[in-house]
Number of protein chains: 2
Amino acid sequence: MSRCVEIYEVGPRDGLQNEKRRIPVEDKVALIDHLGRAGFRHIEVASFVSPKWIPQMADSGEVMKRIARVEGVAYAALTPNMRGLESAISAQADEVAVFGSASEGFSKANINSSVDESLKRFSPVVAAAVDAGMSVRGYVSCVVSCPYEGPVEPKQVARIAERLYQMGCREISLGDTTGRALPENIAKMLDAVAERVPVDQLAGHYHDTTGRALENVEVSLEKGVRVFDAAAGGLGGCPYAPGASGNVATEAVNDRLTALGYETGLNRDVIAKAALMARAMRA
Amino acid sequence: MSRCVEIYEVGPRDGLQNEKRRIPVEDKVALIDHLGRAGFRHIEVASFVSPKWIPQMADSGEVMKRIARVEGVAYAALTPNMRGLESAISAQADEVAVFGSASEGFSKANINSSVDESLKRFSPVVAAAVDAGMSVRGYVSCVVSCPYEGPVEPKQVARIAERLYQMGCREISLGDTTGRALPENIAKMLDAVAERVPVDQLAGHYHDTTGRALENVEVSLEKGVRVFDAAAGGLGGCPYAPGASGNVATEAVNDRLTALGYETGLNRDVIAKAALMARAMRA
């Protein structure tokens, strides 16, 4: 099995959007520009959602305009609908992402529509993004449990992942939104999903609420997953998942992967500094 | 930029199909099983084409049945049409590939149809493969020159790559079929293609006919490409490209990448042994 693992940096988007404090554009740009030197292949930097819902991301266009692009780094943005996609295209995003949920309750709370409605809305967005020559990522949230509905069935996760894959997402990121997953839950969920989507097109997106994120990374590695989302400094959480703490920290995932003999291609000093910068932005 | 690079092993298919000698199933299986221990993520092992055209691959189903699957390795097969795809599904291939050409003359000689006809035929194959939960790869041959028509325009390569991408290929492999490309040709071609397809979904597939394949790998690395096709022992060539010698050798690409500070995740001893095994199969 390959020893190369990608850490997909989501801090500037998934991390910062959950901070209550309004973070100045120049601070976001400084963090992204610093992260650009770390060796990441993808950095999620923006979210073109309605500022009514997520005011923290209203400056996404401005942020993308000001960053210094590093060759070889793809800058990604969330795009829930065609309007968001148009903004992402104007902002020259390299990759866009749509975000579905494996739980009806969370879908309603997070994006105000049923799971099927959201998938129907994403389908033309994904097709148009692919037509525009962009990469598309699909997120599935609540892959093990939902803050409103409790445990989520692995086959339900597989069903949503498969639909995102079939509509043209090149990678499906599986989110333990509540951060309550145990390694055995993750293993069962991955077994179900891998029957529908090639395992090398899956990513693990784990929160560290109960301190199990690194173990969940390990069990995912055994199942063949080689991409993990993480946020510098462990920023994040989710405004619609009460009690969920932040994304697993990039520096922690990197250290664990390195200790296990995997190669991430990241510069440890650069990401350590990024963690400090990210933490300093916290309220 | 990431220091992790994938070598996509194509020897058991692209290499062996061009050997004149009939290679016993057990020798192919032994090579594939050995390669499974090297650390590859993908090994192309079979081609479900008509045995009328490529008799060397008539045993593809048998080969795939007998190999010992290694967890974390995706076994890939070429599938030019729906019938090929059905065979690949029965054989439990993890990934399939369709193969287009940037040159009309080569398309006619290699797959007996015009470029547009071939793309039309691939479209339902790709859709059905994605529906079946498989990964799909698209090859573009003659990305710099054609043995029949001479130089090929970068924008023509971009057009074919884009169509394969839009139909659902997760990765587009760009083949210098004649092995005559210079690094500056590869750079121009990649610039054109990267405008249409995300660079992290491109692979370089270079032949070493004129000894420039490793330089072509280097210039591709600078452009952000992180996947390269290669064949253990440098086996191969192409029956429809007169004078073209083999694929660039896996062991040579691995050594060059390692010397440049890239991480391939491959075991050097295992691939050295694979090269010996592959070369011993030559007539």
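Brief remarks on what is shown
- Given (1) closer than 20 Å to A:E104 by Cα; (2) within 14 Å of chain B (Cβ to nearest Cβ); (3) open to solvent by less than 10 Å² (accessible area, probe 1.4 Å); (4) among the hydrophobic types (A, V, I, L, M, F, W, C), index of the condition A:L174 fails: (2)
- Search result, residues across segment A:16-43 that are under 25 Å from B:R3 (Cα atoms), among the aliphatic types (A, V, I, L, M) and either in contact with a His (Cβ under 6 Å, 6 or more places away or on another chain) or open to solvent by 10 Å² or more (accessible area, probe 1.4 Å) (or both): A:V29, A:A30
- Extreme residue, farthest from A:V157 (Cα to Cα), among residues of segment A:93-131 that are aliphatic (A, V, I, L, M) and within 14 Å of another protein chain (Cβ to nearest Cβ): A:A93
- Note on segment A:167-283: enclosed helices (runs of 4 or more DSSP H) holding 3 or more residues that are small (G, A, S) are A:183-194, A:268-280.
- Considering residues of segment A:11-37 that are of a type outside the set (K, R) and closer than 17 Å to A:G265 by Cβ only, the residue nearest to the other protein chains (Cβ to nearest Cβ): A:G36
- Of all residues assigned to segment B:29-47, none qualifies as being modelled with pLDDT under 90 and within 30 Å of B:A127 (Cβ to Cβ).
- Residues of segment A:1-30 satisfying the condition of being among the acidic types (D, E) and part of a strand (DSSP E or B): A:E6, A:E9
- Residue satisfying all of: in segment B:70-92; open to solvent by less than 10 Å² (accessible area, probe 1.4 Å), without any contact (Cβ under 8 Å) to a residue 60 or more places away in the chain and out of contact with any Asp or Glu (no Cβ under 6 Å at 6 or more places or on another chain); farthest from the other protein chains (Cβ to nearest Cβ) among these: B:G84
- Lone unmet requirement of (1) over 19 Å from the mean Cα position of the chain (by Cα); (2) part of a helix (DSSP H, G or I) for A:V63: (1)
- Remark: B:S135 matches the filter, which requires a residue to be crowded, with 24+ Cβ neighbours inside 10 Å and of a type in the set (G, A, S).
- With respect to the conditions (1) in contact with a Ser or Thr (Cβ under 6 Å, 6 or more places away or on another chain); (2) open to solvent by 10 Å² or more (accessible area, probe 1.4 Å); (3) in contact (Cβ under 8 Å) with a residue 40 or more places away in the chain, B:G168 falls short on a single one, namely (1).
- Residues of segment B:138-156 that turn out to be within 14 Å of chain A (Cβ to nearest Cβ) and either open to solvent by 10 Å² or more (accessible area, probe 1.4 Å) or assigned to a helix (DSSP H, G or I) (or both), as a count: 1
The values are calculated or read from the model by the stated rules, or taken from the named source; none is laboratory data. The shown structure was predicted, so the numbers you read here are calculated from the model rather than taken from an experiment. Don't worry about glycine lacking a Cβ; one is built from the backbone with ideal geometry, like all the others, and counts go over all protein chains shown. The protein model used for the area step is the full one, side chains on, heavy atoms only, and it has no ligands, DNA or RNA in it. Shrake-Rupley method; radii C 1.70, N 1.55, O 1.52, S 1.80 Å.
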